[in-house]
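Novice: I'd like to ask some things about the structure below.
The values are calculated or read from the model by the stated rules, or taken from the named source; none is laboratory data. In this text, all values refer to a predicted model and were calculated from it rather than measured experimentally. We place every Cβ from the backbone using ideal geometry, glycine too, and count neighbours over all the protein chains shown.
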Amino acid sequence: MAAMLQARNPQEAEDKGGNPPTATDADGLPQPRRWWAIAAISFGTALLVLDGSIANVALPTIARDLGVTNGAVTNVVTIYQLVLVMVLLPFASLGDKMGHRKLYQYGQMVFLLASALCLLADNFIFLLVLRALQALGAGMALSVSAAMLRQIYPASKLGTGMGINSVIVASSNAVAPTLGGYIVGHLAWHWVFVAAVPFAIISLFLGRALPEPTPRPIPAEWLSGLWSAATMLLLIGGVQVATHETLGLGIALSAAGVVSLLLLVRRERARTAPVVPVDLLAKPVLGLSALAAFTCFISAGSLMISMPFRLEQAMGYAPQEVGLLLLPFPLTMLVVAPAAGWMSDRIAPTKLGVTGMVIAIIGLLFLATLPNTASPFDVAWRLSLSALGFGLFFAPNSRLLIGRAPRDRAAAAGGLLSTSRLLGQTMAAVVVGILLAGGMGMGPTPLLVACALAVVAALCSLARFRTMTRAQP
């Protein structure tokens, strides 16, 4: 912390990069094209986030209509997340080769096709195949979206752009359950998977405003891409199997995934533009930012996954009340995220991030000590305090991770950020699932675990800042 206070210009220290900015990096897209591009990528982001979470409320109806168990129907969500995390890094590399805008729009068209076919799904296996196809299209677009954000916004306003993007993510997550519930209550459940299609159409219509695709003459790395996807399948699939199916088989799959990852990293270290961004992770600033993001996403996810169980089963609130009680968290994020992004263009992101984690830790401790007789107001202000902390962290940390990456590796940095988010959300579900299975999920334990992970994120941010200040001349 002393190094942070002694830094002569901490914002300049954290923004200082190894490459001089080009005119595009410095100025972003010209006006008014920039605003149309922001609209295009905002609708595209809403599309991907909405589709990832809207299906949750339809799962009981799908299980009943297609004749599958409640346990099996969760694969509608699981397969989407699994395919998405498998393809992000390979598609980020492919986007560099063929041009970011081109891959982004191809992904949206694949998503549109899969969504239209969902209207014809009349058996569970066909639905799972279509969900995997939707995730494939979403992965194509999401893998390069952060790289295009860097081209759209001027370098001095990149934090504002990341804040706006965080608002789109938070608002889409907040709207998804309500919209999904309305569709299931008034239409066939198939329409849940088509709800995001209008966003794709609008984004494609505005897509000409996005940065021009600039393909790079790099060889296609099919082996590394397939190897990376298979490794993620083993790692995440093994964790899912160990948590929900057979412990021994799950551990074996995860162990095979770890071995595969080690061998893949050794191969990728010899390459100049690796699919798995080991070159970025080797840079302390970027590696620590990615680790901080990963642990912070686990922390926030553990909070939001565990609280409904505690509110309903330990504190006695009705299911319809739980959704309203949780609403202060996304609503606070909607306000804090853009403000934090704007501030990160003017204040050192680490100062904002560490401050945010301290606030989040305090909020999580208040939630951990929440009595079972607490009033709705007691729950609301604690959730808002926690959201304030997380909101102050996410956008500035994302700005640093994307902005500090070399220009020709912006897509890889975006893929790394998205992978950190998805892996964090997946691990959060695993952590809470293990605690629930062990009889510790209803009390303060999940929140204390989330608190410990927030401490790790804060320590990563502090270590990153010390690394950058030592590197200054």
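Novice: Looking at 260, 254, 224, which one is outside any loop (DSSP other than H, G, I, E, B) and in contact with an Asp or Glu (Cβ under 7 Å, 6 or more places away or on another chain)? Step through it out loud before you land on a result.
Specialist: Numbers: 260 fails: in contact with an Asp or Glu (Cβ under 7 Å, 6 or more places away or on another chain); 254 fails: in contact with an Asp or Glu (Cβ under 7 Å, 6 or more places away or on another chain).
One residue alone meets the criteria, 224.
Novice: While we're here: So for segment 234-247 (the condition being aliphatic (A, V, I, L, M), free of Cβ contacts under 8 Å to residues at least 12 places away in the same chain and either out of contact with any Lys or Arg (no Cβ under 7 Å at 6 or more places or on another chain) or surrounded by fewer than 17 Cβ atoms within 10 Å (Cβ to Cβ) (or both)), does at least one residue qualify?
Specialist: If we filter segment 234-247 for residues that are aliphatic (A, V, I, L, M), which is where we start, we get 234-236, 239, 241-242, 247.
Cutting the leftovers down to free of Cβ contacts under 8 Å to residues at least 12 places away in the same chain gives us 247.
This time we only want the ones that are either out of contact with any Lys or Arg (no Cβ under 7 Å at 6 or more places or on another chain) or surrounded by fewer than 17 Cβ atoms within 10 Å (Cβ to Cβ) (or both), so: 247.
Checked against the condition, which is being aliphatic (A, V, I, L, M), free of Cβ contacts under 8 Å to residues at least 12 places away in the same chain and either out of contact with any Lys or Arg (no Cβ under 7 Å at 6 or more places or on another chain) or surrounded by fewer than 17 Cβ atoms within 10 Å (Cβ to Cβ) (or both), segment 234-247 yields at least one hit.
Novice: Go over the candidates 386, 299 one by one and state the one that is out of contact with any Pro (no Cβ under 6 Å at 6 or more places or on another chain), within 30 Å of residue 265 (Cα to Cα), touching a residue at least 40 places away in the same chain (Cβ under 8 Å) and of a type in the set (Gly, Ala, Ser).
Specialist: Details: 386 fails: within 30 Å of residue 265 (Cα to Cα).
Unique residue meeting the criteria: 299.
Novice: Inside segment 302-344, can you point out the residues that are among the β-branched types (Val, Ile, Thr) and either farther than 24 Å from residue 355 by Cβ or touching an Asp or Glu at 6+ places or on another chain (Cβ under 9 Å) (or both)?
Specialist: Initially, segment 302-344 is screened for residues among the β-branched types (Val, Ile, Thr), giving 305, 322, 332, 335-336.
If the condition is that a residue be among the β-branched types (Val, Ile, Thr) and either farther than 24 Å from residue 355 by Cβ or touching an Asp or Glu at 6+ places or on another chain (Cβ under 9 Å) (or both), then 305, 322 are the ones that fit.
Novice: Looking at residue 455, is it in a helix (DSSP H, G or I) and surrounded by fewer than 23 Cβ atoms within 10 Å (Cβ to Cβ)? Quick ask: steps written out before the conclusion?
Specialist: Details: in a helix (DSSP H, G or I): yes; surrounded by fewer than 23 Cβ atoms within 10 Å (Cβ to Cβ): yes.
Against the criterion (in a helix (DSSP H, G or I) and surrounded by fewer than 23 Cβ atoms within 10 Å (Cβ to Cβ)), residue 455 qualifies.
Novice: Follow-up. In the set 399, 407, which member is basic (Lys, Arg) and under 19 Å from the mean Cα position of the chain (by Cα)? Break it down into steps so the answer makes sense when it comes.
Specialist: Numbers: 407 fails: under 19 Å from the mean Cα position of the chain (by Cα).
Going through 399, 407 in turn, the sole match is 399.
Novice: Confirm whether residue 391 is in a helix (DSSP H, G or I), modelled with pLDDT under 90 and within 25 Å of residue 168 (Cβ to Cβ). So that I can check it myself, show each step before the final result.
Specialist: Numbers: in a helix (DSSP H, G or I): yes; modelled with pLDDT under 90: yes; within 25 Å of residue 168 (Cβ to Cβ): yes.
Yes, satisfied.
Novice: I'm checking my understanding of the structure. Among residues of segment 210-231 that are of a type in the set (A, V, I, L, M, F, W, C) and buried (at least 19 other Cβ atoms within 10 Å of the Cβ), which one is farthest from residue 47 (Cα to Cα)? Don't jump to the end; show me each part of the working.
Specialist: To start, the set of residues in segment 210-231 that are of a type in the set (A, V, I, L, M, F, W, C) comprises 210, 218, 220, 222-223, 226-227, 229-230.
This time we only want the ones that are buried (at least 19 other Cβ atoms within 10 Å of the Cβ), so: 210, 227, 229.
Working: 210: 16, 227: 28, 229: 23 Å.
Taking the candidates together, the pick is 227.
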